[in-house]
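The values are calculated or read from the model by the stated rules, or taken from the named source; none is laboratory data. Keep in mind that what you see is a predicted model, and the values were worked out from it rather than measured. Ideal geometry is used to build each Cβ from the backbone, glycine not excepted, and the neighbour counts take in all protein chains shown. Accessible surface is based on the protein model in full, side chains and every heavy atom, while ligands, DNA and RNA are left aside. Shrake-Rupley method; radii C 1.70, N 1.55, O 1.52, S 1.80 Å.
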Amino acid sequence: MDDVLIVGGGPVGLFLAGELAGAGCSVQVLEREPDPDAPSKSLPLGMRTLWDLSAEVFYRRGLLADILTASGSGEKVVLPRTLHFAGILVDPDAIDVGRLPFQLPSSAPERVVTSLAAVESVLGERAAKLGATVRRGVEVSGLEPHDDHVVVRAGADEYVARWVVGCDGGRSTVRVAAGIDFEGTDPTFTGYTTHVTMDDPQKVRFGFHLTPWGMYLRTQYEGHVGMNDFDGGAFDRSQELTLEHLQEVLRRVTGTDVTLTGVRAASTFTDRARQATTYRRGRVLLAGDAAHIHPPLGGQGLNLGIGDALNLGWKLAATIHGQAPAGLLDTYTEERHPIAAQVLDWTRAQVAIMQPGPLAQAVQGVIRELIRTPDVATYIYDRLSGLSMRYDLGSDQPLVGRNAPAFRLADGTSLAELMADGKGVILDFAGSLRDAATTWHDRVRYVSGPAEDDLGFDAVLIRPDGIVAWAGGDVPSFTEAMNRWFTAGVR
Ligand SMILES: Cc1cc2nc3c(=O)[nH]c(=O)nc-3n(C[C@H](O)[C@H](O)[C@H](O)COP(=O)(O)OP(=O)(O)OC[C@H]3O[C@@H](n4cnc5c(N)ncnc54)[C@H](O)[C@@H]3O)c2cc1C
């Protein structure tokens with residue numbers, strides 16, 4: 001019996017598989033699609049932004065360079081400017097990164113424009129290298145939870161594991177089979193992402209454009225056009241996306257008489273925003289789009305899902321190895337649910353002011369003014385980048401619960417080098433924890449030595465997901481934090 005069955009080999013399932021296999025768990029991924037390649041995953045339709053926090057996460061796991069290579073430097077696609085709120089652009093010069101708390105310069109690029117194909121290929125290779133099995137062409141149809149295992153059905157076949165994680169996307173079979181509610185709001189628009197040829201492309205301007213009839217976007221990738229049509233989300237996805245239909249919508253949304261001559265690829269989405277009420281029911285867990293869906297305004301969904309897998313991986317592995325403190329696995333929903341809820345509201349706020357009509361257009365005017373100010377520009381950057389994301393770990397210490405700053409020791413060792421294998425780290429800058437830390441050498445990497453910049457801390461305890469669990473200098477509170485996060489029984 002495997003430790004974990006992951007249903008869905010998209011980016012979130014594959015990243016989680018690598019996290020679990022790297023932590024010594026036996027993992028199988030069951031993926032419906034026989035073929036990993038699909039036009040919707042390659043550029044331009046598969047274009048995805050990895051924001052600063054995710055770029056740092058992949059950098060710390062030693063994966064970012066491979067993702068950049070797989071993205072293909074020759075095909076590097078740059079949006080005119082990706083930083084926007086409801087299609088209203090943020091001027092990068094108005095952003096003051098110095099205002100964000102606890103930031104240290106990292107070697108990872110701020111943000112990466114890549115493709116789903118590139119991310120999946122790198123994460124799939126890593127998962128396989130670490131020992132996970134990816135079974136393609138297996139469509140899961142149901143599951144049966146038991147006290148100490150779960151039976152997963154795929155047609156006539158059965159798979160058994162101690163734990164199951166549904167990473168099977170927004171229409172998750174696992175979520176439905178586990179009886180987890182998916183609450184939220186209904187759609188107001190149909191979104192289109194298209195790769196087309198046009199007779200008169202100059203009629204469709206580059207960049208984001210809010211119009212009295214919706215919104216459209218043209219990227220620098222030839223023929224890549226997106227549009228939001230406020231039709232109540234009425235487009236039937238089982239219907240064929242014809243050239244005539246796309247041209248009618250594009251003409252209406254752009255307010256031009258542009259002529260389409262061909263459609264290379266196209267797909268639709270909506271602004272439906274829903275979230276699972278819990279990410280765990282017994283031995284069944286959810287991550288990624290299976291746990292939350294929302295429109296891709298600001299490119300957050302993949303970033304959120306990677307954050308889920310990062311948070312869940314080490315907690316589930318510790319539970320499987322019998323090393324988890326009581327309640328550790330439940331902190332997965334406690335920490336990740338509020339983060340996704342904020343993102344859902346962030347997209348709803350944008351949809352509210354993108355609606356056609358004078359009321360929303362009046363609010364757009366106000367936002368256009370505000371967005372020029374450093375306060376608002378920096379706030380929007382902060383929300384999108386994820387840099388100030390903070391879990392409520394019940395501590396008043398303002399660094400606790402945040403992604404660890406990119407500490408670098410005076411000898412040149414970076415935090416990223418210390419975290420590549422997914423272990424937690426004790427950075428003991430002042431050397432005051434040397435004796436106390438020996439108790440946990442089997443669980444957590446202990447490193448002592450002065451930092452280039454210690455931001456005023458004697459020591460920090462960093463969880464395997466890069467989150468600061470404790471910061472300070474006194475041994476009793478350090479010991480308490482170690483017991484809270486790393487010990488099944490008090491040491
Ligand atoms: C136009 C567009 C642009 C976007 N841009 C961005 C962006 O710039 N940045 C960003 O962060 N996010 C973006 N997103 C969102 C992002 O693509 C998703 O959030 C992300 O792909 C979710 O990953 P996932 O692994 O959770 O789910 P998916 O990518 O949906 O993968 C789920 C996998 O499960 C498999 N599966 C489904 N059902 C079963 C079953 N029953 N049995 C077995 N396998 C099954 C599927 O075949 C699939 O491989 C965008 C989305 C769209 C539509």
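For segment 275-362, build the charge dipole from Cβ charges (+1 Lys, Arg; -1 Asp, Glu) around the Cα centre, then report which of A324, P358, H292 sits farthest towards its positive end.
Of A324, P358, H292, it is A324.
With charges only on Cβ, +1 for K and R and -1 for D and E, what is the dipole size of the chain about its Cα centre, in debye, rounded to 20?
Details: 45 positive and 62 negative charges, 30 e Å.
Dipole magnitude for the chain comes out near 140 debye.
Please list D181, D435 from largest to smallest accessible area, probe radius 1.4 Å, with all protein chains kept in place.
Details: D181 90, D435 130 Å².
Highest to lowest solvent-accessible surface, that is D435, D181.
R434 to T197: extension gain in nm, 0.36 nm per residue of separation minus the Cα-Cα distance? If you can, show how the numbers build up before the last one.
Working: separation 237, 0.36 × 237 = 85.32 nm, distance 6.45 nm.
Full-extension gain reported as 78.9 nm.
Distance in nm between label sites at D392 and A65, each 7 Å beyond Cα in the beta-carbon direction?
4.1 nm
Taking a 1.4 Å probe, which of K203, K315, K129, K41 shows the most accessible area, and what order do the others take after it? Write out the running numbers ahead of the final one.
Working: K203 70, K315 0, K129 180, K41 40 Å².
Reading off the accessible areas and sorting them downward yields K129, K203, K41, K315.
Restricting to DSSP H runs of at least four residues, report the calculated mean residue ellipticity at 222 nm for the chain, -39500 (n - 2.57) per run over all residues, nearest 500 deg cm²/dmol.
-9500 deg cm²/dmol
Could you put S141, S106 in order of accessible surface area, largest first, with the 1.4 Å probe and the full protein assembly present? Walk me through the numbers on the way to the answer.
Working: S141 75, S106 45 Å².
Putting S141, S106 in descending order of accessible area: S141, S106.
Testing the spin-label approximation: label points 7 Å from Cα along Cα→Cβ at D375 and R135. State their distance in nm.
Once both label points are built, they end up 5.7 nm from each other.
Would you check the accessible area of D186, probe 1.4 Å, heavy atoms only, in square angstrom rounded to 10?
100 Å²
Tell me, Kirkwood radius of the chain from alpha-carbon pair distances, in Å? Kindly include the intermediate steps, with their values, before the conclusion.
On the way: mean 1/r = 0.0422 Å⁻¹.
Final number for the Kirkwood radius of the chain is 23.7 Å.
Using protein chains only and a probe of 1.4 angstrom, how many square angstrom of D168 are accessible, to the nearest 10?
Only protein atoms counted, so the area is about 40 Å².
Can you give me the % of accessible surface on the chain that is carbon or sulfur? Probe 1.4 Å, all protein chains present, nothing else counted. All intermediate terms of the calculation are to be shown ahead of the outcome.
Numbers: 9880 of 20020 Å².
Carbon and sulfur atoms account for 49 percent of the accessible area of the chain.
Stick to the Cα atoms of segment 387-430, pair each with every other, and give me the Kirkwood hydrodynamic radius in Å at one decimal.
Working: mean 1/r = 0.0829 Å⁻¹.
About 12.1 Å for segment 387-430.
With all protein chains present, calculate the accessible area of R32 using a 1.4 Å probe and round the result to the nearest 10 Å².
My reading of the accessible area for R32 is about 140 Å².
Extension gain V176-T242, at 0.36 nm per residue separation less the Cα-Cα distance, in nm? Please report the intermediate quantities before stating the final value.
Details: separation 66, 0.36 × 66 = 23.76 nm, distance 3.20 nm.
Residue separation times 0.36 nm, minus the Cα-Cα distance, leaves 20.6 nm.
So what does the Cα-only Debye profile of segment 415-486 read at q = 0.13, 0.16 Å⁻¹, as log10 I(q)/I(0), no solvent term?
Result of the Debye calculation: -0.30, -0.47.
Averaged across orientations, what area in nm² does the convex hull of the alpha carbons in segment 136-279 project? Intermediate results must be reported in sequence, preceding the final value.
Numbers: hull surface 44.6 nm².
The Cα convex hull of segment 136-279, projected and averaged over all directions, gives 11.1 nm².
Only four residue types carry charge here, +1 at the Cβ of Lys and Arg and -1 at the Cβ of Asp and Glu. Report the dipole size of segment 7-126 about the Cα centre in Debye, rounded to the nearest 20. Mind showing how you got there, number by number?
Values: 10 positive and 15 negative charges, 26 e Å.
Computed charge dipole of segment 7-126: roughly 120 debye.
In vacuum, with every alpha carbon of segment 194-271 counted as one equal point scatterer, what does the Debye formula give for log10 I(q)/I(0) at q = 0.26 Å⁻¹? Two decimals, please.
Here log10 of I(q) over I(0) equals -1.50.
Hey, any idea what the orientation-averaged projected area of the convex hull of segment 95-194's Cα atoms comes to, in nm²?
Values: hull surface 49.5 nm².
Directional mean of the projected Cα hull area for segment 95-194 stands at 12.4 nm².
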